[in-house]
1. Cβ-Cβ under 7 Å, sequence separation 6+ or interchain: first residue in segment 516-533 and in contact (Cβ under 8 Å) with a residue 12 or more places away in the chain and over 11 Å from Ser387 (Cα atoms), partner open to solvent by less than 10 Å² (accessible area, probe 1.4 Å) and polar (S, T, N, Q). Which pairs?
2. Tell me whether segment 72-83 contains one or more residues that are closer than 10 Å to Gly149 by Cβ and either open to solvent by less than 60 Å² (accessible area, probe 1.4 Å) or not β-branched (Val, Ile, Thr) (or both).
3. Any residue that is modelled with pLDDT of 90 or more and either open to solvent by 30 Å² or more (accessible area, probe 1.4 Å) or touching a strand residue (DSSP E or B) at 6+ places or on another chain (Cβ under 8 Å) (or both) - is there at least one of those in segment 211-219?
4. Can you find even one residue in segment 638-651 that is part of a loop (DSSP other than H, G, I, E, B), open to solvent by 30 Å² or more (accessible area, probe 1.4 Å) and among the small types (Gly, Ala, Ser)?
5. Determine which single condition Glu593 fails, assuming it passes every other condition in (1) more than 22 Å from the chain's Cα centre (by Cα); (2) modelled with pLDDT of 90 or more; (3) buried (at least 18 other Cβ atoms within 10 Å of the Cβ).
6. Which residues, counting only those in segment 88-127, are among the basic types (Lys, Arg) and either outside any helix (DSSP H, G or I) or under 36 Å from the mean Cα position of the chain (by Cα) (or both)?
7. Which of the residues spanning segment 287-336 are open to solvent by less than 20 Å² (accessible area, probe 1.4 Å) and on the phi > 0 side of the Ramachandran plot?
8. All but one of (1) open to solvent by less than 20 Å² (accessible area, probe 1.4 Å); (2) small (Gly, Ala, Ser); (3) in a loop (DSSP other than H, G, I, E, B) hold for Ser383; state the number of the condition that does not hold.
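The values are calculated or read from the model by the stated rules, or taken from the named source; none is laboratory data. Computed from a predicted model, the values in this text were never measured in an experiment. For neighbour counting, all protein chains shown are included, and Cβ atoms are generated from backbone atoms with ideal geometry for every residue, glycine included. Heavy atoms of the whole protein, side chains included, go into the accessibility calculation; ligands, DNA and RNA do not. Shrake-Rupley method; radii C 1.70, N 1.55, O 1.52, S 1.80 Å.
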Amino acid sequence: MFGEDDIVRSHKGRAELIFNIVIASFIIILIRLWYLQIYKGDEFYKYSVQNRLRKETVKAPRGMIFSRNNQLLVQNVPRFDAIVVPQYLTNKKETLSKLAQILGMSVKSVNGILRKNSYQARYRPIIIKKNISRKEVAVIETENSKMPGVSVQTFISREYADKEIGSHALGYISEISQQQIPTYRERDNYHYRLGDFIGQAGIEKNFDLELRGVDGYQFMEVDARGRMKRLIGGKNLFAGIENKPATPGSNIRLTIDRDMQKTAYESLEGKVGATVAVDVNSGEILAMVSRPSFDPTEFSRGLTAKYWKKLSQDEFKPMTDRTIQEHYSPGSTFKTFTAMAALEEKIVTATQEVMCPPTFRLGRRVYHDWKRNGHGMTDVYKSLRRSVDVYFYKIATKLDIDVLYKYAKQFGFSTKTGVPLAREIPGLLPNKEWKLKKTGEPWQKGETLSCVIGQSYVLATPIQLAMAYATIANGGKLLQPHLIKEIFSSDGTIKKKFTPKVVNTVTVSDDTLGHIKRGLYEVVNHRKGTAWWYRGRGIRMAGKSGTSQVRSMSKKELFSRCVDMPYKDRHHGIFVAFAPFDNPKVAVATVVEHGCSGSGAAAPVVRNVIETYMKKYEPELYGKYEKEDKENARRIYLTEKRKREAAAALKKEKEETTEGGE
């Protein structure tokens, strides 16, 4: 039998083991408590705090856009979106039914939006309806306690002060698409996400990074259902949780003059076309308008299917920027550069007269002048003033197409101007090498006859025409057009300033440029000039009208009334001018699609834009010229009156003599 001592000794080892295990367990628990409470205390404290908080992105206010005279063209306005956070969505069926009723939507469509965005994290808000009314905002906020997970998100959208006016140049913003995200992330080194708005066209697109700013974030305390209790300022209980304020985007001051822009737009009322006005000495774009147009605010608010259908089904393509994305045969406005090449190559002199009958024959083909009876003896000045086709046909027989290419190319034809807008096209200026590559056939002499009058292969955009004539006006410097004067921060600090850039200095003599300028002056200010009736008062412009055929025409069609033709067969009307003639400041080009004539359709638009410029920037000179023009008009009237009276007296005298003789 074992005694008590033996029993104690036999259990002593076990007791010590159990004791050691208990002590070790307490030590492990203490270590773990120290680890959690002391070593990791701050970190887990933040986690516990963050479970009570929701981190909300604070969108950076997009930079504003101003005119050259500091008039606000594009600004930010609040927009309200109804959102759902799936993480906090309880009583789903009841909540979504109530939300759908408030928003005037079907429950099916609300569920569809949630399913479409189901791939994203449940704590991320999903926009159910954009741009909700203030009434809908008020109802949602009032019923918020009954709709956990539903709230209103304030969003800053864009508002364009002049709506359709100049919208192609300003562009628009809209939500980034799934397809755009990878490309834009790589391009901008910025983590774009669905729901982000980016510039999609115009200035908004090309200067998107400068305008967008840097987003911030803020924390808010929420209850178990995700409803906001209060905003957190990073103090007291929540020390260490810091909000990050958003950094506003930079503002942009454009070169655009708002008054000239409005004048151009209103002058194109009822027409399809484009107008570009530039400062001839700096390349600054003063007006840039394309019609028909669109309202960019509609894109910022969230484009509706109805409005998009209206735009996409319009046969005149309102989304196309005709100033840079459409090219046209320049017609007679190109004769200016043919005459320049002929003078430089000594093919003619300025005063040398050439007989210009109604037609010109080359081989078996007969080329007709626009005037049925021809023009008779014609020099360079008259060839421009009266736009004499046969004069240029005769020049074409002596002017090689490659030589014409050499001179016209210097003025920017067939080259993108470099304006900071997307999808600009270069136009076309043919030569022998181009045709051989394009068709595999050599150049034919008859093709030169069509090109010298701005038809056939020759194509130019309105902005190219404006810059080419600006080059003539300033004495031979081809400038790069630009739209931005400066980029500046919200506190007014200038971040970047844009200065004139000379692209090319043409190798054309001053004498030749002088002869060309005189010819262009006579187009408008000579009584037999093609634009005499549209010269206006007080502006002293010089320019060239052009009628651009859209298809080949028979002799009968050529001399028929353009307005009687089907709309799509009518000629385009083009007019390009600069002013004032003595000291040019501004050049303007206008194209009116199917306008029939440059003088009748396009010249009034150019005149109005130049008149706006002169009244605003050269008021004294405008007043002086206007007074002189009125006096000149009075002299012309009195002269014509005397001629009519003399003719009437002579007729009466003849009648009396005849009666007396009988």
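1. Sorted first by the residue in segment 516-533, then by its partner, the pairs are Ile516/Thr336.
2. Here is the first cut: in segment 72-83, the residues closer than 10 Å to Gly149 by Cβ are 83.
Going one step further and asking which of them are either open to solvent by less than 60 Å² (accessible area, probe 1.4 Å) or not β-branched (Val, Ile, Thr) (or both), we end up with 83.
Checked segment 72-83: at least one residue is closer than 10 Å to Gly149 by Cβ and either open to solvent by less than 60 Å² (accessible area, probe 1.4 Å) or not β-branched (Val, Ile, Thr) (or both).
3. In the first step, residues of segment 211-219 are kept if they are modelled with pLDDT of 90 or more; the result is 211.
Narrowing further to those that are either open to solvent by 30 Å² or more (accessible area, probe 1.4 Å) or touching a strand residue (DSSP E or B) at 6+ places or on another chain (Cβ under 8 Å) (or both): 211.
Yes; the residues of segment 211-219 include at least one that is modelled with pLDDT of 90 or more and either open to solvent by 30 Å² or more (accessible area, probe 1.4 Å) or touching a strand residue (DSSP E or B) at 6+ places or on another chain (Cβ under 8 Å) (or both).
4. Here is the first cut: in segment 638-651, the residues part of a loop (DSSP other than H, G, I, E, B) are none.
No, segment 638-651 has no match at all.
5. (1)
6. Initial filter on segment 88-127 (among the basic types (Lys, Arg)): 92-93, 98, 108, 115-116, 122, 124.
If the condition is that a residue be among the basic types (Lys, Arg) and either outside any helix (DSSP H, G or I) or under 36 Å from the mean Cα position of the chain (by Cα) (or both), then Lys116, Arg122, Arg124 are the ones that fit.
7. Gly331
8. The one condition Ser383 does not meet is (3).
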